[in-house]
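A quick write-up on the structure given underneath.
The values are calculated or read from the model by the stated rules, or taken from the named source; none is laboratory data. Quantities reported herein were computed from a predicted structural model and do not represent experimental measurements. Backbone-built Cβ (ideal geometry, glycine too); neighbour counts: all protein chains shown.
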């Protein structure tokens, strides 16, 4: 069951090569479930029974979507998100609501987790290359699902091939996770103006990739 | 609104569909509490490790303390001088290879050797496990 996400979507026109200046106001809107999230966080802090589990469930799907968009394989996205949430809950006592929202906080942990994942992946690939082997994903999908997943993965890789890791993160935070510019800046530890700049470049790169033209 | 009209978001959505949602662990609340007191437990662990380390160093330094020259490593098995039937003897220990035994030979001292002392050297067989000290 797909969870209804609160993110704003980049329209096709924005992906076209002639797309004008980024419409930053579209990503400034706060997710509608924020007040609920705040209540949940407060309940967890009070130690209300079941609140931690509910908070976990409310964030898991959103983080999976972000992890997949950040390039984590579908075989390992579940593990990466589980580690992210476990890490967040274990250090919940250090979470300061006045500095960042829970969502921003978990996204910050997720970004670190995916960076580690990519690093470990690179090392594994290098080690396998030296040994003359190759990596095989442990597939748990049905044959027709494998084809669909491979096709979607190819599309994702093709469109994001020219995105730098930083711009990809900015794009994922704002467009996939629906964080505002300010929240994205907090999550990635950069200035808001820098986020805007990265997003503008990311949109241009994605539009170029979507148009199917060769890179000049 | 969803990503159906955006190829990239559509790909992300399709891939996300294949990923199972991780369930919260049954002991999530316990994990949080455990982590809360983690710093305290961590300090205790460090203190206990330090104490154990110090104790180990103490024991080792006692065992391996410098000995005066000539002090045997296994003093309980070293006999320096015996008196047998009123005569001082200097015992010698010989290993019986493969027998797991030592022979303690106690020849009389030089001053006790002579026609009047026709007593053969006393010997004793020491049984049991043999641990020979390194010279």
Residue A:184 fails exactly one of (1) at pLDDT 85 or above; (2) out of contact with any helix residue (DSSP H, G or I) (no Cβ under 7 Å at 6 or more places or on another chain); (3) closer than 25 Å to residue A:59 by Cα, namely (2)
Quick one: would you say residue A:61 is surrounded by 15 or more Cβ atoms within 10 Å (Cβ to Cβ), within 15 Å of the chain's Cα centre (by Cα), in contact (Cβ under 8 Å) with a residue 60 or more places away in the chain and part of a helix (DSSP H, G or I)? no
Residue hits (region A:93-108; assigned to a helix (DSSP H, G or I), surrounded by fewer than 20 Cβ atoms within 10 Å (Cβ to Cβ) and touching a helix residue (DSSP H, G or I) at 6+ places or on another chain (Cβ under 8 Å)) are A:93, A:108
For residue A:127, work out the one condition from (1) modelled with pLDDT of 85 or more; (2) exposed (fewer than 14 other Cβ atoms within 10 Å of the Cβ) it doesn't fulfil. (1)
Does region A:81-88 contain at least one residue that is under 11 Å from residue A:110 (Cβ atoms), at the interface with chain B (Cβ under 8 Å from one of its Cβ atoms) and in contact (Cβ under 8 Å) with a residue 40 or more places away in the chain? no
Restricting to region A:66-80, give me the number of residues that are more than 7 Å from every other protein chain (Cβ to nearest Cβ) and under 16 Å from residue A:179 (Cα atoms). 3
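Would you point out which residue out of B:21, B:49, B:16 is within 14 Å of chain A (Cβ to nearest Cβ), modelled with pLDDT of 75 or more, assigned to a helix (DSSP H, G or I) and within 30 Å of residue A:83 (Cβ to Cβ)?
Only one candidate passes the filter, namely B:16.
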Answer from A:110, A:63, A:37, A:128 - the residue that is closer than 19 Å to residue A:186 by Cβ and more than 14 Å from chain B (Cβ to nearest Cβ): A:37
Those residues of region A:171-197 which are crowded, with 24+ Cβ neighbours inside 10 Å and more than 14 Å from every other protein chain (Cβ to nearest Cβ), in sequence order: A:179, A:183, A:184, A:187, A:195
Go through region A:141-164 and give me each residue that's touching a residue at least 24 places away in the same chain (Cβ under 8 Å) and more than 15 Å from residue A:74 (Cα to Cα). A:158, A:159, A:160, A:161, A:162, A:163
